[in-house]
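Everything on this sheet refers to the single structure shown next.
Quick note: the coordinates plus some simple rules give every number you see, no bench work behind them. Everything numeric here is computed off the predicted structure, so don't read it as measured data. Neighbour counts run over all protein chains shown; Cβ positions are idealised from the backbone, glycine included.
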Amino acid sequence: MKVLLDTNVILDVLIGRKPYVESSSALLKLCGAHITGLITASQTTDIFYILRREGKNIDDAKNVIRKLSDHIKIIDVIAADVKAALDSDMQDYEDALLAFNGKRNKVDYIITRNETDYVKSPVQALSPIAFLEKFFRQIKDTIN
């Protein structure tokens with residue numbers, strides 16, 4: 001299973017945002033071993049910027065991105081993603097860019113805390129909790 005992670009899910013873990021950190025951490029622990037987690041290259045700049053704003057020095061912020069890339073695949077954003085996002089009916093450009101990048105990369109879900117922002121997305125969006133429930137239900141069904 002392949003999922004595209006919204007920046008808010010990553011930051012929940014990195015910054016320790018409560019009450020979201022638990023479900024987002026559980027999701028990230030599945031990445032690499034049980035599911036393919038993806039983020040876009042453009043998301044790394046947002047993550048880096050926010051980590052710096054939160055007080056991390058440059059080297060520590062870079063190391064966080066490096067560690068993320070050990071478990072989460074970083075994918076490119078291309079011009080076709082930009083055009084599709086600009087031409088879409090989605091109101092938030094950043095979310096639209098993620099949605100159409102996810103479509104092109106054939107992801108199963110976008111994982112976000114802002115599911116309502118993805119109502120017009122070509123890829124279904126799930127919260128970390130909803131995804132975990134679905135994932136473990138599928139495992140249970142496979143065993144039974």
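The table for this structure:
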| item | result |
| --- | --- |
| Candidate set: region 26-51, residues that are of a type in the set (A, V, I, L, M), without any contact (Cβ under 8 Å) to a residue 60 or more places away in the chain and in a helix (DSSP H, G or I); chosen: the one surrounded by the fewest Cβ atoms within 10 Å (Cβ to Cβ) | A41 |
| Where a residue in region 5-16 is over 17 Å from T116 (Cβ atoms) and its partner, wherever it lies, is small (G, A, S) and not in a helix (DSSP H, G or I), with Cβ under 6 Å and at least six apart | L5/G37 |
| Residue check, D81 farther than 25 Å from A130 by Cα and in contact with a Phe, Trp or Tyr (Cβ under 7 Å, 6 or more places away or on another chain) | yes |
| Close pairs (6 angstrom Cβ cut-off, 6 or more residues apart or separate chains): of a type in the set (D, E, K, R) in region 104-115, assigned to a loop (DSSP other than H, G, I, E, B) and surrounded by fewer than 17 Cβ atoms within 10 Å (Cβ to Cβ) anywhere | D108/M1 |
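Residue-by-condition table, conditions (1) within 17 Å of R104 (Cβ to Cβ); (2) surrounded by fewer than 16 Cβ atoms within 10 Å (Cβ to Cβ):
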{"position": "L11", "(1), (2)": "no, no"}
{"position": "K56", "(1), (2)": "no, no"}
{"position": "D59", "(1), (2)": "no, yes"}
{"position": "H71", "(1), (2)": "no, yes"}
{"position": "D76", "(1), (2)": "yes, yes"}
